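The values are calculated or read from the model by the stated rules, or taken from the named source; none is laboratory data. In this text, all values refer to a predicted model and were calculated from it rather than measured experimentally. Glycine gets a Cβ as well: all are built from the backbone with ideal geometry, and neighbour counts include every protein chain shown. Only protein heavy atoms, including side chains, enter the accessible area calculation; ligands, DNA and RNA are left aside. Shrake-Rupley method; radii C 1.70, N 1.55, O 1.52, S 1.80 Å.
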Amino acid sequence: MLPLLHWITERHGHVPRGMVPEIAEALNISRADVHGVISFYDDYGYEPVAAEVQVCGAEACQALGCGELIRQVRRHVSGDVHVREVYCLGNCAVGPNVRIGERIMGRATLERVAQALDAD
Amino acid sequence: MGACVYVPDETTANSLGAARVAQALADAIASQGVDAKVVRNGSRGAFHLEPLVEIEAAGERLGFGPVSPEQAAALVDGGRLADRSHPLCLGPVDDIPFLSGQTRLTFARTGLARALDFSAYRRLGGLQAAERALSLAPQDVIGELETSGLRGRGGAAFPAFIKWQTVHDAPGAEKYVVCNADEGDSGTFADRLLMECDPYQLLEAMVIAGVTVGAGHGVVYLRSEYPKAFEVLGEAIEQALKHGLLGSNVLGSGRAFTIELRLGAGSYVCGEETAMLESIEGKRGMVRAKPPLPALSGLFGKPTLVHNVLTLAAVTTILAQGGSAYAAHGVGRSLGTMPFQLGGNVACGGLVELPFGTPLSDLLNQFGSGSHSGRPLHAVQVGGPLGAYLSAEKWGLSLDYESFSAAGAMIGHGGIVAFDDSVDMAAQAQFAMRFCAEESCGKCTPCRIGSRRGEELISRVRNGEGRSGDLLLLEELMETMETGSLCALGGLTPMPVRSILESFPDALDLSAGGADG
Ligand SMILES: Cc1cc2nc3c(=O)[nH]c(=O)nc-3n(C[C@H](O)[C@H](O)[C@H](O)COP(=O)(O)O)c2cc1C
Ligand code: SF4
């Protein structure tokens, strides 16, 4: 089921609620089970996300002031960009870290994040 | 023959601009007609030097770094490549102290060549382990593991050979090898580095595991936060099939072994082995009660060998060099090497593979070179979010399983996160509880609810609203979590909290309301 949900999320940016019955039927499980999986994992959601900035909020980035960076980025972005605090991008020697799309940015600053968002 | 200019193609290097550095170098080489080519190698893991450019010419491989995209073109100047006189030159790469001071066994090959270059893998010693394993009886392979003293690198440090023996002896034609590449701990990236820069080593190790325990199929469960590793590993599996390391006739042995790559979906607890198995089966990542052990009833109820990436990778060194050569490193019952990962507020961070028994202070000073901010270091968390915070008086501790556990700490997956003196230790204690509450699979009340209560309590005290009896309440809460949790998420969350109460007593004053209570 996870590969299917990843595939759907990649295509639609989220899992459209209306697809739950189809998924359940295709995998021969109950709708409740499909919903249970979608709600358990952070990567899946029913709400469409236009653009997302992930800021790492884990200990290694905390040690480099990610708390302040998250506040700054939240203040900076416009309404259609979603800022999500994630737990660890695995880039812990050069934090604070930010992920935009497939791109991970080390030693992130508000200025560099803003630049990257403008370039997109 | 022309020169070779290496620029790593790896997450950390790319996060600091390596792709643009490579492009600038390629452009400069082309426009100036220099006889050289750019190769995207793996990273050596000396992350403070990334992007680390290596120029191999005239039998010498010189390092330059860190090279910003803006500085890159100047490495090709006046129609020739930079040499030792260049201000960014670090000398021969192998002599860089951060690298030459390590004992690299598992990470001996990372960064030397392009990660997916199969012939380079063979040339640099790859496949020797699998070839030897295929020539031995399974029991002799397990014997090598026993001699090596290898213990699980995923966190629990359980002797590897016992698991192999159990899966080997388990009845049944269908068995699995599952590689745990969920690497959830903050401050850890060794699994990622290995998968991105030396992926065939992991595949070779899984093949060895498969033919030894009698499994025909392997699964790598990779966290979704690692897009680069996903790409490299996926391609590596295809190449390995093409070159006969995987498939129906592994290295001409007549044995079959295939590997499937599966992505996680952003859940920390799915790194716990039974939750991971549930997740691979397409379910919520709920922890299973043990017994049954996964070794007897694991994936789809079949006997399953579950190992961390680093545990598996160590098997190739052990088979190629012999179990006793591996066991010659380390101390006591902590044998071999451990790929430690230095991160957080550290000047020189990266992968540091050392024999067990090295003092933590060596790692912090000799390799880390102090803090990134320039302020004094204050606390070091070892072993991920469930590991203890150590204050300066404990930095002399020997990095081995027994010394750490005697000190109320743990090595875990080898992550070491440094904090300078601006850290608010009370906030770290609160975070430990919040993390547990957010990542709990929800099966046990002490973990799910206890952590919530713990977070509220610490938050209250931090806001100056401590009540009498808070200390006792927190103590009871932690005891309940420790004794009433099914897995280590609930069971070990008190470890960082206790370590803060003990080693940083001024940070969180729980006795505030206590006197009049
Ligand atoms: C909450 C939790 C998270 C874990 N996360 C990981 C992980 O990300 N990677 C890992 O290899 N082991 C993780 N483990 C340990 C695994 O349960 C298991 O012990 C390990 O995969 C066994 O492999 P090993 O013997 O090679 O260490 C975690 C354990 C717990 C309790
Ligand atoms: S301790 Fe927490 S994460 Fe572990 S099984 Fe219990 S509820 Fe789940």
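Structure data summary
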| read-out | value |
| --- | --- |
| Subset of segment A:1-46 (residues that are at the interface with another protein chain (Cβ under 8 Å from one of its Cβ atoms) and either open to solvent by 70 Å² or more (accessible area, probe 1.4 Å) or part of a helix (DSSP H, G or I) (or both)) | A:LEU2, A:PRO3, A:LEU5, A:HIS6, A:LEU27, A:ASP33, A:GLY36, A:VAL37, A:PHE40, A:ASP42 |
| Test: residue in segment B:159-174 that is under 30 Å from B:PHE435 (Cβ atoms) and assigned to a helix (DSSP H, G or I) | yes |
| Residues that are within 14 Å of chain A (Cβ to nearest Cβ) and among the aromatic types (Phe, Trp, Tyr), drawn from segment B:39-72 | B:PHE47 |
| Qualifying positions in segment B:348-389 - among the polar types (S, T, N, Q), assigned to a loop (DSSP other than H, G, I, E, B) and within 14 Å of chain A (Cβ to nearest Cβ) | B:SER369, B:SER371, B:SER373 |
| Pick from segment A:73-120, criterion surrounded by fewer than 17 Cβ atoms within 10 Å (Cβ to Cβ) and under 27 Å from B:VAL380 (Cα atoms), ranking: farthest from the other protein chains (Cβ to nearest Cβ) | A:LEU110 |
| Flag for B:ALA427 being open to solvent by 10 Å² or more (accessible area, probe 1.4 Å), of a type in the set (A, V, I, L, M, F, W, C) and within 13 Å of chain A (Cβ to nearest Cβ) | yes |
| Filtered residues of segment A:47-72 (kept if within 13 Å of A:ARG84 (Cβ to Cβ), within 14 Å of chain B (Cβ to nearest Cβ) and open to solvent by 20 Å² or more (accessible area, probe 1.4 Å)) | A:VAL49, A:GLU52, A:GLN54 |
| Selection status of B:LEU150, in the same structural domain as B:GLY266 (by TED's automatic domain parsing) and closer than 28 Å to A:TYR87 by Cβ | no |
| Matching residues in segment B:260-288 - criterion: being open to solvent by less than 20 Å² (accessible area, probe 1.4 Å), more than 15 Å from A:PRO3 (Cβ to Cβ) and away from ligand 1 (no atom under 13 Å from the Cβ) | none |
| Pair list, Cβ under 9 Å, 6 or more apart: segment B:140-158 residue under 15 Å from B:THR212 (Cβ atoms), other residue modelled with pLDDT under 95 | none |
| Condition met for B:ALA173 (modelled with pLDDT under 95 and in the same structural domain as B:LYS302 (by TED's automatic domain parsing)) | yes |
| Criterion: within 16 Å of ligand 2 (Cβ to nearest atom) and either in contact with a helix residue (DSSP H, G or I) (Cβ under 9 Å, 6 or more places away or on another chain) or on the phi > 0 side of the Ramachandran plot (or both) - qualifying residue of B:GLY149, B:GLY143, B:GLY155 | B:GLY155 |
| Considering residues of segment B:399-408 that are out of contact with any strand residue (DSSP E or B) (no Cβ under 6 Å at 6 or more places or on another chain) and of a type outside the set (Phe, Trp, Tyr) only, the residue least open to solvent (accessible area, probe 1.4 Å) | B:LEU399 |
| Looking only at segment B:432-446, and only at residues there that are open to solvent by 20 Å² or more (accessible area, probe 1.4 Å) and assigned to a helix (DSSP H, G or I), the one that is nearest to ligand 1 (Cβ to nearest atom) | B:GLU439 |
| Long-range neighbours under 7 Å by Cβ, at least six apart or interchain, first residue not assigned by TED's automatic domain parsing to the domain that holds B:ASN41 within segment B:190-215, second open to solvent by 10 Å² or more (accessible area, probe 1.4 Å) and within 16 Å of ligand 2 (Cβ to nearest atom) | none |
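Here's the yes/no breakdown for (1) away from ligand 1 (no atom under 13 Å from the Cβ); (2) within 19 Å of the chain's Cα centre (by Cα):
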site: B:GLY301; (1), (2): yes, no
site: B:VAL315; (1), (2): no, yes
site: B:ALA325; (1), (2): yes, no
site: B:GLY330; (1), (2): yes, yes
site: B:CYS348; (1), (2): yes, yes
site: B:LEU351; (1), (2): yes, yes
site: B:PHE356; (1), (2): yes, yes
